[in-house]
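Participant: The structure follows.
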Amino acid sequence: MVASQALSSMSGSEKGLSWLSAGAVCLNFNLRRTSRAVTQYYDEALKPTGVKVTQFTILMAIASREDHSITDIARLAMVDRTTLTRSLKILEDDKLIEIRKAEPGNKRRVSITAKGVKKMKEIYPYWFRAQRALAKALTPVKTRELRHLLNDAKLSAEALHG
């Protein structure tokens, strides 16, 4: 009864896409649902290494350059600083990265350690097999299209967000 009352109070244009059916077409809902499924798939594939795919992607970002600030990594990985700080703490505790204060100022700098590089080399074959299997299941054409669509969605969201 509550849903029908809400629908009756909507204008004609609002009724075309009601909040009751928004989930079926909501880009955010569908991207997040897909992201969770893909994350679970990669986490399972990387399980023998003891590293989650989110940690692996942060390690990749850190390894991409000699020296990063935490802000640089947050931007590169599109992760909020609070979530990133938690992940960095785990990686630091495992001695896969080093976090140190930079002089001058109070910025902290992050770099991958020799143990971190060794761990990346251990993880890579597991990640590669998972990547190859998922790309094969999607087909090469759809995989390429998906990467382009995801990048377009990211750029569009950034442009609209300001």
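Participant: Once fully extended, how much extra length lies between PHE29 and ALA135, figured as 0.36 nm per residue of separation less the alpha-carbon to alpha-carbon distance?
Facilitator: Taking PHE29 through ALA135 to full extension adds about 35.9 nm, to one decimal.
Participant: Let me ask something else. Could you tell me what percent of the accessible area of the chain is made up of carbon and sulfur, with a 1.4 Å probe and every protein chain present?
Facilitator: 60 percent
Participant: Please give the length that would be gained between LYS47 and ALA63 if that part of the chain were fully extended, namely 0.36 nm times their separation in residues minus their C-alpha to C-alpha distance (nm, one decimal).
Facilitator: Difference between extended and current length: 3.7 nm.
Participant: Could I have the simple spin-label model distance between ALA37 and VAL117, label points 7 Å from Cα toward Cβ, reported in nm to one decimal?
Facilitator: 3.9 nm
Participant: Give LYS121/LYS154; LYS52/LYS142; LYS107/LYS154; LYS118/LYS142; LYS47/LYS95; LYS89/LYS118 a once-over and call out the pairs whose C-alpha atoms are over 22 Å from each other.
Facilitator: Where the Cα-Cα span goes over 22 Å, the pairs concerned are LYS121/LYS154; LYS52/LYS142; LYS107/LYS154; LYS118/LYS142.
Participant: Taking a probe of 1.4 Å, how large is the accessible area per residue of the stretch 73-113, in Å²? If you can, show how the numbers build up before the last one.
Facilitator: Details: 2760 Å² over 41 residues.
Value returned for the stretch 73-113: 67 Å² of accessible area per residue.
Participant: A further question on this structure: Give me D for the stretch 121-162 in µm² s⁻¹, whole number, from Stokes-Einstein with Rh from the Kirkwood sum over alpha-carbon pairs, 20 °C and 1.002 mPa s.
Facilitator: 180 µm²/s
Participant: Largest first and in whole Å, give the semi-axes of the chain's equivalent ellipsoid, each being the square root of 5 times a Cα gyration tensor eigenvalue.
Facilitator: Equivalent-ellipsoid dimensions as semi-axes: 37, 22, 15 Å.
Participant: Just to be sure I understand the model, the point goes 7 Å from the Cα along the line to the Cβ. What's the resulting ASP94 to ILE70 distance in nm?
Facilitator: With each label point 7 Å from Cα toward Cβ, the separation is 1.9 nm.
Participant: I would also like to ask the following. Are there any GluC sites (Glu not before Pro) in the stretch 62-137 that are in a DSSP loop and have at most 14 other Cβ atoms within 10 Å? List them by number.
Facilitator: GLU66
Participant: Only helices at least 30 Å long along their own axis, judged from Cα atoms, and with Kyte-Doolittle mean hydropathy of -0.5 or greater: name those in the chain from DSSP H.
Facilitator: Helix filter hits for the chain: 114-138.
The values are calculated or read from the model by the stated rules, or taken from the named source; none is laboratory data. Owing to the predicted nature of the structure, the values given are computational and were not obtained by experimental measurement. Neighbour counts run over all protein chains shown; Cβ positions are idealised from the backbone, glycine included. Just so you know, the surface numbers come from the protein's heavy atoms only, side chains and all, with ligands and any DNA or RNA stripped out. Shrake-Rupley method; radii C 1.70, N 1.55, O 1.52, S 1.80 Å.
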